[in-house]
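Bear in mind these aren't lab numbers, they're just calculated from the coordinates by the rules spelled out. No experiment lies behind these values; they were computed from the predicted model shown. Cβ coordinates were reconstructed from backbone atoms using ideal geometry, including for glycine residues, and neighbour counts include every protein chain displayed.
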């Protein structure tokens, strides 16, 4: 058997047999005659766009960072107990190598279609798409695991037991080569942005280079995307993430999800191989709209957004801890539901004093199930996501036709700015990139600096910190925070801090916080220069309570290899500390 018909690496070999073509005809053929026509090659490439290969980090519960929490839950990453048997560890490893093996087969065998008379131009474009996918999956692997086996061709099963880890630098070099090859042949645009383009290849190259701290490569690749003049920022930040926004010049690469093809976000359906969607819709919707409200933003994220003067909350005279959404960067109210606002047609107020709220859909007062005075499992910290959640979440049986935005233009601008800052090559192009992102948040032109707190050249150290805060505000809930706290070495700080929420039972919160005039926060938490909040003084004052303890071990800067692979191959030595 060939590994494209099973799965590389070894653990996957033991878990999967040849694909059943009746069930999955797009994955690979069962004979050596597959890839003999352009149609067969295209079918094979199309399977690489399946959502199973494009999961975001930590989608179902926490996001392995300080931005998102699931009530008082603490998972293996949060309690520093990752091991080679942790489900998301071996799933990431297996699914990436499954995609790589599939891409290898396309790259190696698609010449058959050309030999049979297929268009060389079209087949070579499809091979370029396969290289894009191979590069993207190797990037995911080195980001999590460091050194990994580099396999570029079909491999007999007997040789799989003798594969060694390849140095990360060598794998990264191949990633760059694949992205460059893809960018050279792929078009600048399609009618459907769900296919890989020249811009997508360059943008993902810039992303992995940034994470690998290869600043020069990251800056150049990002600038190459900018210079294509294909992309632009969507005028409305909040609208970018709504289900109805299917097309935008901001989208560089996205994965289409459709209810009609059983690939939407849903409850109760096995949407894909990762179980995506099983609880996503319920977990992110307020309880007054019949959601569960279990997966919520953190207080640390709430505290990270700057005020409208561009200053951090413990530096700005505009910040009011009793009204934490006032005078803040506009992206805050598009990311987290503001207190007192109307969301999904219902007044939102988590205060234990708010026993009833208005349902504007019916014009009647209703029991406020988003306050813990009425519902024990209402948000433990009073926060809910607004970003990416809209009325479609409660329609169609909780199935949501929302595409997964994998890469967008705002990220490229921030990547370019960060790489140039790290190179200490700060010029007007850097400030323009930063100001374009921030001005869009305020709904104004970047040239109208009187209408928003524009970036100026304050030197490398200051701009580095401000860029990190800007990136957090812009990219929250997009699967990027994990890699940021890892590469910035912030994990050893933030993942040792507690997850905080409101006093409970609700009667305690009412008596000790609301009735004393201390709602929402009694006073402003401390925030360091990188925008990282510390709530320990509020806890010491008895004004908040810890929901869960977090732990950190430096070994988690890399993930462990799957246990089964180590058991089956003596050459597969684990990462330090595992």
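How high is the relative contact order of the chain? Use alpha-carbon pairs under 8 Å, at least six apart in sequence, and give a whole percent.
With pairs under 8 Å counted, the relative contact order is 19 percent.
Do the sum for the chain: with -39,500 (n - 2.57) for every DSSP H run of n ≥ 4, divided by all residues, what is the mean residue ellipticity at 222 nm, to the nearest 500 deg cm²/dmol?
-10500 deg cm²/dmol
For the range 457-578, go through all pairs of different Cα atoms, get the mean of 1/r, take its inverse, and jot down that Kirkwood value in Å.
Here the Kirkwood hydrodynamic radius works out to 17.7 Å.
On full extension of the chain, what length is gained from residue 488 through residue 428, given 0.36 nm per residue of separation minus the C-alpha to C-alpha distance?
Gain in length upon complete extension: 19.1 nm.
For the range 327-390, what relative contact order do you get, as a whole percent, if you take Cα pairs closer than 8 Å and at least 6 residues apart?
Worked out over the range 327-390, it gives 30 percent.
Using 1/(1 + (r/R0)^6) with R0 = 60 angstrom and r between the beta carbons of residue 511 and residue 120, what's the FRET efficiency to the nearest 0.05?
FRET efficiency, residue 511 to residue 120: 0.20.
Could you work out the percent of alpha carbon pairs in the range 443-494 separated by over 19 Å, rounded to a whole number? Walk me through the numbers before you get to the answer.
Details: 555 of 1326 pairs.
Of the Cα pairs, 42 percent sit more than 19 Å apart.
Be a star and scan the range 285-301 for residues whose amide nitrogen sits under 19 Å from the point 7 Å along the Cα-to-Cβ vector of residue 465.
Once the point is set 7 Å along Cα→Cβ of residue 465, 300-301 turn out to lie under 19 Å by backbone N, inside the range 285-301.
Using 0.36 nm times the number of residues separating residue 91 and residue 50, minus their current alpha carbon distance, what extension gain do you get?
That works out to 13.2 nm of additional length.
Please compute the modelled spin-label separation between residue 314 and residue 450, points set 7 Å along Cα→Cβ, answer in nm with one decimal.
Simple spin-label model gives 3.5 nm for this pair.
How much length, in nm to one decimal, is gained on full extension between residue 83 and residue 571, taken as 0.36 nm per residue of separation minus their Cα-Cα distance?
Values: separation 488, 0.36 × 488 = 175.68 nm, distance 1.84 nm.
173.8 nm is the gain from fully extending residue 83 to residue 571.
Out of every Cα-Cα pair in the range 79-121, what percent are more than 14 Å apart?
65 percent
Taking Cα atoms, how many degrees apart are the long axis of helix 460-475 and the longest axis of the chain, rounded to 10 and kept between 0 and 90?
With rounding to tens, the tilt is 90 degrees.
The list [x] 33, 27, 22; [y] 39, 32, 20; [z] 41, 26, 24 gives values of semi-axes √(5λ) of the Cα gyration tensor in Å, and only one came from this structure; which label was calculated from it?
Matching the structure shown: [z].
Measuring from label point to label point, each 7 Å out along Cα→Cβ, what is the residue 376 to residue 540 span in nm?
3.4 nm
State, to one decimal in nm, how far the label point of residue 342 lies from the label point of residue 232, with both points 7 Å from Cα in the Cβ direction.
3.2 nm
Over the Cα atoms of the range 407-490, how large are the radius of gyration and the largest Cα-Cα distance (Dmax), in Å?
Considering the range 407-490 through its Cα atoms, Rg and Dmax are 12.4, 36 Å.
Among 407, 509, rank each residue by its count of other Cβ atoms within 10 Å, from fewest to most, as a rough exposure measure.
In increasing order of surrounding Cβ atoms, one gets 407, 509.
Based on the Cβ-Cβ distance from residue 356 to residue 323, what FRET efficiency comes out when R0 is 22 Å, to the nearest 0.05?
Efficiency at R0 = 22 Å is approximately 0.55.
May I ask you to sort 561, 568 by Cβ crowding, counting other Cβ atoms within 10 Å and putting the fewest first?
Result, fewest neighbours first: 568, 561.
Taking the number of other C-beta atoms within 10 Å as the exposure measure, put 480, 567, 212 in order starting with the fewest. Before the final figure, lay out the partial values.
Values: 480 22, 567 12, 212 19.
Placing the least packed residue first, the sequence is 567, 212, 480.
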